[in-house]
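Trainee: Next up is a structure, given as structure tokens.
Nothing in this text is a laboratory measurement; each read-out follows from the coordinates by a stated rule. None of the values given here were measured: they were computed from a predicted structure. Every residue, glycine as well, gets a Cβ built from its backbone with ideal geometry; the counts of neighbours run over all protein chains shown.
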């Protein structure tokens, strides 16, 4: 395990604001975010984790980088009131498998600890990198599930939807054993 999913810290604010100010990172995520918007997200995500024990965690690479981005689970109203796995990493950490590894842990947590039957993920059709992560997770895409989503700038944007059912997720824990997740704080 190379990644740690953890609660947010104050020293995550500056690097998270830098991620949200990077045009390449934000190209498929609705545009750049201000420092105030970034800080507001951290406050919201941190409170949610403190309240319910899960959410959109800060991610670090153990022994290498104290903060690389955000990965986790969140309730979604679109398309069908499910739970979504999502990620956003600093560009310098792309291409190393960190998003896939961290998202796999979030999915595992969702199935094993939250007892979810399904986890979804969504993005715009052009976001090939995120779509590859979804496929690495074993998620499947049915074009009939695609939908239009109202974005921040009040315009409808087409989204592709990927699904992962619990039965299709590889079992990570032998039957009868309880898996502890010490890397999730």
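Trainee: Which of rounded, prolate, oblate describes the range 1-53, given a ≥ b ≥ c as roots of the alpha-carbon gyration tensor eigenvalues and a/c under 1.5 marking rounded, otherwise prolate only if a/b is larger than b/c?
Mentor: Numbers: a/c = 1.95, a/b = 1.48, b/c = 1.32.
Taking the square roots of the gyration eigenvalues as a ≥ b ≥ c, the range 1-53 is prolate.
Trainee: Debye calculation, C-alpha points only, no solvent: report log10 I(q)/I(0) for the range 57-155 at q = 0.12, 0.16, 0.24 Å⁻¹, in the same order as the q values.
Mentor: Log10 I(q)/I(0), no solvent term: -0.41, -0.73, -1.43.
Trainee: So, one more: Do you know the relative contact order of the range 108-164, to the nearest whole percent, from alpha carbon pairs under 8 angstrom that are 6+ apart?
Mentor: Worked out over the range 108-164, it gives 40 percent.
Trainee: By count of other Cβ within 10 Å, fewest leading, how are 1, 134 ordered?
Mentor: Neighbour counts put them in this order, fewest first: 1, 134.
Trainee: Give the span of the range 22-78's Cα atoms along each principal axis, as three whole-Å numbers ordered largest to smallest.
Mentor: Projected onto the principal axes, the Cα atoms of the range 22-78 cover 36, 32, 22 Å.
Trainee: Now for a separate question. Pick from 117, 80, 39: which is most flexible by mean-square fluctuation in a GNM of the chain where alpha carbon atoms under 10 Å apart are linked?
Mentor: 80
Trainee: On to the next question. For the chain, modelled as a Gaussian network with Cα springs under 10 Å, which listed residue fluctuates most, 96, 159, 28?
Mentor: For the chain, modelled as a Gaussian network with Cα springs under 10 Å, the answer is 96.
Trainee: Right, next: At a threshold of 8 angstrom on Cα-Cα distance, excluding pairs fewer than six apart, so keeping six or more, what relative contact order does the range 3-168 reach in percent?
Mentor: Here the relative contact order equals 18 percent.
Trainee: Same structure again: Pick from 157, 123, 140 the residue whose mean-square fluctuation is largest in a GNM of the chain, springs joining Cα atoms under 10 Å.
Mentor: 157
Trainee: Per-residue ellipticity at 222 nm for the chain, helices alone: DSSP H runs ≥ 4 residues times -39500 (n - 2.57), over residue total, nearest 500 deg cm²/dmol?
Mentor: Values: 5 runs with 54 residues, N = 185.
Result for the chain: -9000 deg cm²/dmol, rounded to the nearest 500.
Trainee: For the range 101-126 and the range 21-51, what is the centre-to-centre distance using only Cα atoms, to the nearest Å?
Mentor: Measuring centre to centre over Cα atoms gives 19 Å.
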